[in-house]
Amino acid sequence: METMNEIAERYNAITALADDETIPQEEVNKALIEVMEDVKTKGENGIRYLNEVQEAIDKAKENKKKLDNFIKAMENRKKRVERAYIFALNNMNIKSILTGWGEMKVKKNPPAIIIDDNAKIPAEYTNTKITITPDKTKIKAALKAGEVIEECRLEQAVSLSY
């Protein structure tokens, strides 16, 4: 099956023949009509295919969202069960349980730092982070106005609508 690029090459070859006076114009016109029918058919197939791909993407995103929600629910369930065991074992003053599946222990983690109000932290205990980013809106306006800005240029992109 011919690709769209191959059809385009065929179209360009036919249009190049349009100026050749040794080839009857009717044959050139007939060939152009045939190639344009192929373009239309290829376009229809392309639209159908792109829509199918988009549907698959949408379905995958929906499934991903469901999986993310499931994972979050399982993580929350695990945390609740862990907290329940910690509470019960601490309540009974039991530090560990040895079972056929392994050992369950209540252990102390390293101390975590809790900061109630970042604004009240002394400057000596803070880090300053400065982020410099280009103002693309200003740069675009300046370039459109004809200014030259080193390492910047306007580039026209194209997309396909269907």
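The values are calculated or read from the model by the stated rules, or taken from the named source; none is laboratory data. Just so it is clear, the model here is predicted, and its values are computed rather than measured. Cβ placement follows ideal geometry from the backbone for every residue including glycine, while neighbour counts extend to all protein chains displayed. For accessibility, only protein heavy atoms count, side chains too; no ligands or nucleic acids. Shrake-Rupley method; radii C 1.70, N 1.55, O 1.52, S 1.80 Å.
Does the stretch 9-47 hold any residues that are open to solvent by less than 70 Å² (accessible area, probe 1.4 Å), of a type in the set (D, E, K, R) and under 23 Å from S161 (Cα atoms), and which are they?
D38, K42
With in contact with a Cys (Cβ under 7 Å, 6 or more places away or on another chain) and free of Cβ contacts under 8 Å to residues at least 60 places away in the same chain as the only criterion, which of L143, L154, L67 stands out?
L143
Are any of the residues in the stretch 74-84 surrounded by fewer than 12 Cβ atoms within 10 Å (Cβ to Cβ) and either closer than 30 Å to S161 by Cα or touching a residue at least 40 places away in the same chain (Cβ under 8 Å) (or both)?
no
So which residues in the stretch 3-22 are acidic (D, E) and under 31 Å from the mean Cα position of the chain (by Cα)?
E6
Going by the conditions given, is A142 at pLDDT 95 or above, farther than 30 Å from E52 by Cα and among the aliphatic types (A, V, I, L, M)?
Considered against the rule, which asks whether it is at pLDDT 95 or above, farther than 30 Å from E52 by Cα and among the aliphatic types (A, V, I, L, M), A142 comes out as yes.
Yes/no matrix, rows are residues, columns are (1) more than 30 Å from S161 (Cα to Cα); (2) of a type in the set (A, V, I, L, M); (3) surrounded by 11 or more Cβ atoms within 10 Å (Cβ to Cβ):
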{"position": "I7", "(1), (2), (3)": "no, yes, yes"}
{"position": "L50", "(1), (2), (3)": "no, yes, yes"}
{"position": "K66", "(1), (2), (3)": "no, no, no"}
{"position": "I71", "(1), (2), (3)": "yes, yes, no"}
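Which one is least open to solvent (accessible area, probe 1.4 Å) among residues in the stretch 102-134 that are under 30 Å from V81 (Cα atoms) and of a type in the set (D, E)?
Of everything passing the filter in the stretch 102-134, E103 is least open to solvent (accessible area, probe 1.4 Å).
List, please: which pairs have Cβ atoms under 7 Å, are six or more places apart or on different chains, and start with a residue in the stretch 101-113 that is free of Cβ contacts under 8 Å to residues at least 12 places away in the same chain and end with one that is open to solvent by 100 Å² or more (accessible area, probe 1.4 Å) and assigned to a loop (DSSP other than H, G, I, E, B)?
K105/K95
Mind checking which residues of the stretch 16-57 are modelled with pLDDT of 95 or more and among the β-branched types (V, I, T)?
Hits for the stretch 16-57 are I33, V35, V39, T41, I47, V53, I57.
Tally up the residues in the stretch 145-162 that are open to solvent by less than 100 Å² (accessible area, probe 1.4 Å), more than 30 Å from L50 (Cα to Cα) and out of contact with any Leu (no Cβ under 8 Å at 6 or more places or on another chain), please.
Number of matching residues: 2.
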